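Worksheet for the structure shown next.
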Amino acid sequence: MGKKGLLLCVCQGTCPSFQNMNIFEVGNAIRREKLVDYAAVHPQLCAEDGDEFLSSLLDGGSTGTLYVAGCAPNMMRKMYRDAFDAAGFDAANFRGVEIRDMNTEQAITAIKDLIAQDNA
Ligand code: SF4
């Protein structure tokens, strides 16, 4: 079984949709409970260098499940497809959750719920 990774994607940190949360505290809450093997914030995964980040991260196959909290999951799935393909990562192992317009607590709960679905 591969590692579980969490990426927080935040529209460069300038979008009003993310202004009501402390994104670092969101990541810390998940880390503290050891719900994933690694967690990181990326400013813009749907940009070209975001593709590069994703394909580099996933290359080698050590990540079994990738959770991304950001915009709408269907949008993320489409935007990350090329990077997943480039890394040989099966898109079925991607889990997305939208956290836009949430506060810190709401975002933490949404991510925990997403991860819990896999552990049910
Ligand atoms: S993938 Fe979604 S959350 Fe991330 S920068 Fe692009 S639009 Fe924003």
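Here, each number is a calculation from the coordinates, and none is a lab measurement. Source: prediction; values computed, not measured. Virtual Cβ from ideal backbone geometry, glycine too; neighbours counted across all protein chains shown.
Things to note:
- Counted as membrane-span-like here are DSSP H helices of the chain whose alpha-carbon atoms extend 18 Å or more along the helix's own axis and whose Kyte-Doolittle mean is -0.5 or above; these are 104-119.
- Ascending count of other beta-carbon atoms within 10 Å, so fewest first, for C15, C71, C46: C15, C46, C71
- Where only alpha carbons of the range 1-109 are counted, the Rg and the Dmax (Å): 13.0, 37
- Size of electric dipole in the range 3-119: Cβ of Lys, Arg +1 and of Asp, Glu -1, about Cα centre, debye, nearest 20: 340
- The ranking of T109, T14 from fewest to most other beta carbons within 10 Å of each one's beta carbon is T14, T109.
- Of interest is the spacing of the C-alpha centroids, which for the range 74-120 and the range 1-59 amounts to 10 Å.
- Charge-dipole axis of the range 59-101 as Lys and Arg at +1 and Asp and Glu at -1 on Cβ define it, positive-most pick from Y67, A87, I99: I99
- Burial ordering of M79, M21, M1, fewest other beta-carbon atoms within 10 Å first: M1, M79, M21
- Taking the chain, the Cys residues with no second Cys beta-carbon under 4.7 angstrom are C9, C46, C71.
- Counting only aspartates and glutamates at least 8 places from K3 when in the same chain, those with an alpha carbon closer than 15 Å to its own are D37, D59, D90, D118.
- Estimated 222 nm signal from helices in the chain, with DSSP H stretches of n ≥ 4 weighted -39500 (n - 2.57), rounded to 500: -13500 deg cm²/dmol
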